[in-house]
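Only one structure is covered here, and it is reproduced in the block below.
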Amino acid sequence: MAIAACLFDMDGVIVDTARFHFRAWHRLADSLGVPFTEEQNEELKGVSRVDSLEKILQWGNLVLSGTKKIELMNLKNKWYLEYVEQVKPQDMLPGVPEFLRELHEAGIPIGLGSSSRNAVLILDKLGIMSLFSTVIDGTKVHLSKPNPEVFIKGARELGIAPASAVVFEDAISGVEAARAGGFRCIGVGDPAVLSRADAVVPDLTGMSISRMQELLC
Ligand code: BG6
Ligand code: MG
């Protein structure tokens, strides 16, 4: 398959910030007296901040005012930003810098498709902003994954058809978004969790253009 572009999720694919989201949501759920497991966390991965809070409130049968919800989201984000403060280029997940570099040198456009409103801040901390031809993040979409809007917008900005692009995702919601948009999708993580992806790898160690083609043939 000829690959016209690669679109990357950020949290949990490029950098291990997924554990910081988990830690911050866990802390918030604890403060609300809502039990919160790793399995429930899988349902939050890839999902916007506001939709994540709504799920936690639903699990706890809690009904809160709009003002209180904003206060809680701000608190979670404050904790999250404290955790990510120390993120540096060395924190990119295994194989990521090499693979991004290869794509860039081969002239295959790289896009970001992240639900995070903190994406630009984190890409800057990692020093890789200049490698991205387009960055679609939580500030640019109306609908959270599993809706495909974030990837469709990315493909549109790159001027390529979804079927000719590959999405890299660590979240169930992200794999569903890629599929719904008509993209090929390589899952990054556990094959049992990401069973709807076209192929799954534990991380991007050894990932290359030829490996990607092998996985998707
Ligand atoms: C996604 C994460 O990338 O971004 C979710 O997988 C997170 O866990 C979402 O809730 C929104 O992130 P942020 O940084 O805008 O709160
Ligand atoms: Mg992710």
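The values are calculated or read from the model by the stated rules, or taken from the named source; none is laboratory data. Not measured: the values here are computed from a predicted model. Here the Cβ is made from the backbone with ideal geometry for all residues, glycine too, and neighbour counts use every protein chain on show.
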Inset, instruction - Kindly indicate which of N61, N74 is farther than 21 Å from F183 by Cβ, modelled with pLDDT of 95 or more and not in a helix (DSSP H, G or I). - result: N61
Inset, instruction - List every residue pair whose Cβ atoms sit under 7 Å apart, with the two residues 6 or more apart in sequence or on different chains, where the first one lies in the range 102-128 and is at negative phi and assigned to a loop (DSSP other than H, G, I, E, B) and the second, anywhere, is crowded, with 20+ Cβ neighbours inside 10 Å and basic (K, R). - result: S115/K145; R117/R49
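With K125, K55, K45, K76 as the choices, which residue is assigned by TED's automatic domain parsing to the domain that holds T205 and surrounded by 13 or more Cβ atoms within 10 Å (Cβ to Cβ)?
Values: K55 fails: assigned by TED's automatic domain parsing to the domain that holds T205; K45 fails: assigned by TED's automatic domain parsing to the domain that holds T205; K76 fails: assigned by TED's automatic domain parsing to the domain that holds T205.
Of K125, K55, K45, K76, the one residue that is assigned by TED's automatic domain parsing to the domain that holds T205 and surrounded by 13 or more Cβ atoms within 10 Å (Cβ to Cβ) is K125.
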Legend entry - Top-ranked residue of the range 129-147 - restricted to ones that are more than 13 Å from S48 (Cβ to Cβ) and assigned to a loop (DSSP other than H, G, I, E, B), ranked as nearest to ligand 1 (Cβ to nearest atom): F132
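Can you name the residue in the range 150-166 that is surrounded by fewer than 17 Cβ atoms within 10 Å (Cβ to Cβ) and out of contact with any strand residue (DSSP E or B) (no Cβ under 8 Å at 6 or more places or on another chain) and is also nearest to S115 (Cα to Cα) among such residues?
Just the residues of the range 150-166 that are surrounded by fewer than 17 Cβ atoms within 10 Å (Cβ to Cβ), to begin with: 156-157, 159, 161, 163-164.
In the following step, the residues that additionally are out of contact with any strand residue (DSSP E or B) (no Cβ under 8 Å at 6 or more places or on another chain) were identified as 156, 159, 161.
Numbers: R156: 17, G159: 21, A161: 21 Å.
The selected residue is R156.
Hey, among P162, P146, which residue is in contact (Cβ under 8 Å) with a residue 40 or more places away in the chain and more than 12 Å from ligand 2 (Cβ to nearest atom)? Working first, answer last.
Values: P162 fails: in contact (Cβ under 8 Å) with a residue 40 or more places away in the chain.
Among P162, P146, only P146 is in contact (Cβ under 8 Å) with a residue 40 or more places away in the chain and more than 12 Å from ligand 2 (Cβ to nearest atom).
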Inset, instruction - Name every residue in the range 167-180 that is surrounded by fewer than 24 Cβ atoms within 10 Å (Cβ to Cβ) and either away from ligand 2 (no atom under 13 Å from the Cβ) or within 18 Å of R156 (Cα to Cα) (or both), in order of residue number. - result: R179, A180
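When the range 87-101 is examined, which residues are found to be outside any strand (DSSP E or B) and either within 16 Å of ligand 1 (Cβ to nearest atom) or of a type in the set (S, T, Y) (or both)? Full working, then the answer.
Let us first name the residues in the range 87-101 that are outside any strand (DSSP E or B), namely 87-91, 93-101.
Passing the criteria: V87, D91, L93, V96.
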